[in-house]
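Engineer: Have a look at this one before I ask anything.
FYI, it's all coordinate maths here, none of it is from the lab. This is a predicted model, so every value here is computed, not measured. Cβ coordinates were reconstructed from backbone atoms using ideal geometry, including for glycine residues, and neighbour counts include every protein chain displayed.
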Amino acid sequence: MSNLQGKVALVTGASKGIGAAIARELAARGAAVAVNYSGSKAAAEKVVADIKNAGGKAIAVQANLSETGSIGQLVESVAREFGPINVLVNNAGVYEFSPIEAVTPDHFHKQFNLNVLGLLMTTQAALKHFDSRGGSVINIGSVAAAGVPTASVYSATKGAVDSITVALAGELGAKKIRVNSLNPGMVETEGVHAAGFIGSDFEKKTAAETPLGRIGQPRDISLIAAFLASDDSYWVTGQLIKASGGARL
Ligand SMILES: NC(=O)c1ccc[n+]([C@@H]2O[C@H](COP(=O)([O-])OP(=O)(O)OC[C@H]3O[C@@H](n4cnc5c(N)ncnc54)[C@H](OP(=O)(O)O)[C@@H]3O)[C@@H](O)[C@H]2O)c1
């Protein structure tokens, strides 16, 4: 099991779903974890309480990453509490479906402002708090980067995330900072429940088309994030890693 003792991790959007599972997994392996949330204070505090009750270290930090002005304070409060950051998990994201006829500038900006601009500016701000040891940036993309019908905008945000991963891996390698995309297929989370996917034909079709025969659970993703966060993956950078039970979409 990858060891994260002595590491400091910031996980964005960690009050729920995939982000919460990643925060719990990194903390269970010894990292001090900052659990970022936007609106779900109680859920974030529950994640932190569970981590602390299990003997781990965590804090909850509020910041709406769609508003770039709040990002500096987020990373500064993490560094003040725990010291230099070694692991950044850019997980916060929104997904909305819309056929092309119904795409609006609001639909575009809501998703691009968080999934792409928020990710870029959080990375820029967090990198100021990495030290000479370098570290690992894990961008949570999606298999949807391949292009999902009726989700042109969301797919495009995740295509952009993949491009950013490859660009930054090239840019930051000399500083011993690795950058990888971890790209889930459908995962059962609060967000996916709220979107009405669970129990739908879309879920059934996805499970049927998945070689491993089911949709994902948050832990399926968090175990891979723990590997990418750890020094065990020191030779892996610039990779787009599908975590989907073999599903292409
Ligand atoms: N679930 C899937 O099937 C799936 C598949 C592929 C990729 N993904 C990607 O995985 C990531 C997480 O998805 P999920 O299904 O776990 O989502 P989720 O259950 O909807 O949870 C989203 C998390 O992001 C936070 N968040 C939302 N807006 C935010 C903002 N403006 N600033 C900061 N945090 C914000 C939420 O916090 P608050 O509630 O506090 O706002 C929550 O903790 C996303 O990037 C998504 O695109 C998911």
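Engineer: Suppose only helical runs count, i.e. DSSP H with n ≥ 4. What mean residue ellipticity at 222 nm does that imply for the chain under -39500 (n - 2.57) per run, divided by all residues and rounded to the nearest 500 deg cm²/dmol? Show your work: numbers first, answer last.
Structural biologist: Numbers: 9 runs with 100 residues, N = 249.
Helix contribution divided over all residues of the chain: -12000 deg cm²/dmol.
Engineer: Which number do you get for Rg(Cα) / (2.2 N^0.38 Å) in region 1-130?
Structural biologist: Working: Rg = 15.1 Å, N = 130, 2.2 N^0.38 = 14.0 Å.
Taking the Cα Rg and dividing by 2.2 N^0.38 Å, one obtains 1.08.
Engineer: Moving to a separate point now. Just the Kirkwood number for region 67-109, please: inverse of mean 1/r across all distinct Cα pairs, in Å, one decimal.
Structural biologist: Working: mean 1/r = 0.0740 Å⁻¹.
Hydrodynamic radius (Kirkwood, Cα only) of region 67-109 equals 13.5 Å.
Engineer: For the chain, build the charge dipole from Cβ charges (+1 Lys, Arg; -1 Asp, Glu) around the Cα centre, then report which of Ala14, Val161, Ala28 sits farthest towards its positive end.
Structural biologist: Projecting each Cα onto the dipole axis, the largest value belongs to Ala28.
Engineer: What list of ³J(HN,Hα) values in whole Hz, one per residue of region 13-19 in order, does the Karplus curve 6.51 cos²θ - 1.76 cosθ + 1.60 (θ = phi - 60°) give from phi, with Gly and Pro shown as x?
Structural biologist: x, 9, 7, 9, x, 5, x
Engineer: Something else about it: Relative contact order for the chain: what is it in percent, counting Cα pairs under 8 Å that are at least 6 residues apart?
Structural biologist: Details: 519 pairs, mean separation 49.7, N = 249.
After rounding, I find 20 percent.
Engineer: Here's another thing I want to ask about it. Once phi is turned into ³J(HN,Hα) by the Karplus curve 6.51 cos²θ - 1.76 cosθ + 1.60 with θ = phi - 60°, what whole-Hz value does each residue of region 162-172 show in order, with x for glycine and proline?
Structural biologist: 4, 5, 4, 4, 5, 4, 6, 4, x, 6, 10
Engineer: Taking a cut-off of 24 Å between Cα atoms, list the lysines near Lys204, but don't count ones fewer than 8 places away on the same chain.
Structural biologist: Lys16, Lys158, Lys242
Engineer: Can you pull the percent of Cα pairs in region 156-231 with separation above 19 Å?
Structural biologist: Cα-Cα pairs in region 156-231 separated by more than 19 Å: 52 percent.
Engineer: In what order do Glu96, Glu25, Glu203 fall by count of nearby beta-carbon atoms within 10 Å, going from fewest to most? The partial results should precede the final answer.
Structural biologist: Numbers: Glu96 14, Glu25 25, Glu203 17.
In increasing order of surrounding Cβ atoms, one gets Glu96, Glu203, Glu25.
Engineer: Right, something else. Find the eigenvalues of the gyration tensor of the Cα atoms of region 100-249, then list the square roots of 5 times those eigenvalues as equivalent ellipsoid semi-axes, largest first, in whole angstrom. Mind dumping the intermediate values first?
Structural biologist: Numbers: eigenvalues 155, 78, 29 Å².
After diagonalising the Cα gyration tensor, the semi-axes are 28, 20, 12 Å.
Engineer: Let me ask something additional. I'd like the Karplus ³J(HN,Hα) series for region 3-11: coefficients 6.51, -1.76, 1.60, θ = phi - 60°, whole numbers in Hz, and an x wherever there's a Gly or Pro.
Structural biologist: 9, 10, 4, x, 9, 10, 10, 10, 10
Engineer: Can you give the relative contact order of region 120-212 as a percent, counting alpha carbon pairs under 8 Å and 6+ residues apart? All intermediate terms of the calculation are to be shown ahead of the outcome.
Structural biologist: Details: 83 pairs, mean separation 27.9, N = 93.
It rounds to 30 percent for region 120-212.
Engineer: Taking H placed 1.01 Å from N in the peptide plane, check which residues at least 5 places from Ala243 or on another chain put their amide H under 5 Å from its amide H.
Structural biologist: Asn183, Gly185
Engineer: So who's got an amide H within less than 5 Å of the one on Ser98, skipping anything under 5 residues away but keeping other chains? H placed 1.01 Å off N, in plane.
Structural biologist: Ala151, Ser152
Engineer: Let me ask something else about it. Collect residues whose amide H, placed 1.01 Å from N in the peptide plane, falls under 5 Å from the amide H of Gln217; neighbours closer than 5 in sequence don't count.
Structural biologist: Hits under the 5 Å cutoff: Glu188.
Engineer: Using a 10 Å cut-off around each Cβ, can you sort Tyr154, Tyr95, Tyr37, Tyr234 from fewest to most neighbouring Cβ atoms?
Structural biologist: Working: Tyr154 23, Tyr95 19, Tyr37 26, Tyr234 11.
So the residues, fewest neighbours to most, are Tyr234, Tyr95, Tyr154, Tyr37.
Engineer: Hey, fewest Cβ within 10 Å first, where do His193, His129 land in order?
Structural biologist: Details: His193 13, His129 20.
Fewest-to-most Cβ neighbours within 10 Å comes out as His193, His129.
Engineer: What Kirkwood hydrodynamic radius, in Å, does region 85-146 give when the mean of 1/r is taken over all pairs of distinct Cα atoms and then inverted? Write out the running numbers ahead of the final one.
Structural biologist: Details: mean 1/r = 0.0754 Å⁻¹.
That comes to 13.3 Å for region 85-146.
Engineer: Sketch the reach of a paramagnetic label on Lys175 as a point 7 Å from Cα along Cα-to-Cβ, and name the residues of region 226-243 whose backbone nitrogen lies under 17 Å away.
Structural biologist: 237-238
Engineer: Just to be sure I understand: with springs between alpha-carbon atoms less than 10 Å apart, which residue in Glu45, Glu76, Glu171 has the highest mean-square fluctuation in the Gaussian network model of the chain?
Structural biologist: Glu171
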